[in-house]
1. Given region 71-160, what percent of its DSSP beta bridges are antiparallel, to the nearest 5?
2. Kirkwood-based Rg over Rh for region 21-69 (C-alpha set), two decimals?
3. Starting from the Cα-Cα distance between ASP28 and ILE106, subtract it from 0.36 nm times their residue separation and give me the gain in nm to one decimal.
4. Limiting things to C-alpha atoms, what are the Rg and the maximum Cα-Cα separation (Dmax) for region 20-142, in angstroms?
5. Using R₀ = 41 Å, calculate the FRET efficiency as 1/(1 + (r/R₀)^6) where r is the Cβ-Cβ separation of LEU160 and VAL12; round to 0.05.
6. Rounded to the nearest 5, what % of DSSP beta bridges with both residues in the chain are antiparallel?
7. With a 1.4 Å probe and all protein chains left in place, how much of the accessible area of the chain comes from carbon and sulfur atoms, in whole percent?
8. How many Å² of accessible area per residue for the chain, probe 1.4 Å?
Amino acid sequence: MKDIKIESTLTVYDHIDELPTDIIELMDQAAIARKNSYSPYSKFSVGAAILLENKQIVLGSNQENASYPSGLCAERTAIFYAGSQYPEVKILKMAIIAGSRIHQTITPIPPCGSCRQAIAEYEVKQDAPIEIYFMGETGKVVKSHSLANLLPLVFDKSVL
Ligand code: THU
């Protein structure tokens, strides 16, 4: 028997202004996408912006449904759009901004487990890391240099 230790390193920025210009612009796009969130049930709006290698930016927001499980998170809305519209183009970075419309959200909001699994699929597919940046409405921004860093012990095609 032995224990294994799994470590992830994240970079935390105290304020969006500390990030490089291209990331600030991507986060601005995520904030624009967030305005299209359809979230009458949770009142929690999320926006995601993806930068592709061909410089295209693909946006997504959470889309809820009266049948709750039929809704979809912002990150998957965006990445499925990227995968369906630009299947051969590498996904470089994703910026995520999220917050409640009922109370102020100042802590960084990471992608949920299902979104991590979905993003992991594309990282494996393209065999190159996808940088992830996430934040609340204001405050700190967290960077992960890859999705794998956020989802250790990933289930992927190698086991099928
Ligand atoms: N949501 C996202 O869009 N992304 C996540 O990673 C977590 C949750 C959405 C789903 C739902 O519309 C609302 O936030 C509350 O869970």
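1. Among the beta bridges of region 71-160, antiparallel pairing accounts for roughly 45 percent.
2. 1.09
3. Stretched out fully, the ASP28 to ILE106 stretch lengthens by 26.4 nm.
4. For region 20-142, the Cα-based Rg and Dmax read 13.5, 40 Å.
5. Result of the calculation: an efficiency of 0.70.
6. Working: 22 of 28 bridges.
Rounded to the nearest five, the antiparallel share is 80 percent.
7. 55
8. 57
The values are calculated or read from the model by the stated rules, or taken from the named source; none is laboratory data. In this text the structure is predicted, and so the values were computed from the model without any measurement. Every residue, glycine as well, gets a Cβ built from its backbone with ideal geometry; the counts of neighbours run over all protein chains shown. Protein only, heavy atoms only, side chains kept; ligands, DNA and RNA dropped before computing areas. Shrake-Rupley method; radii C 1.70, N 1.55, O 1.52, S 1.80 Å.
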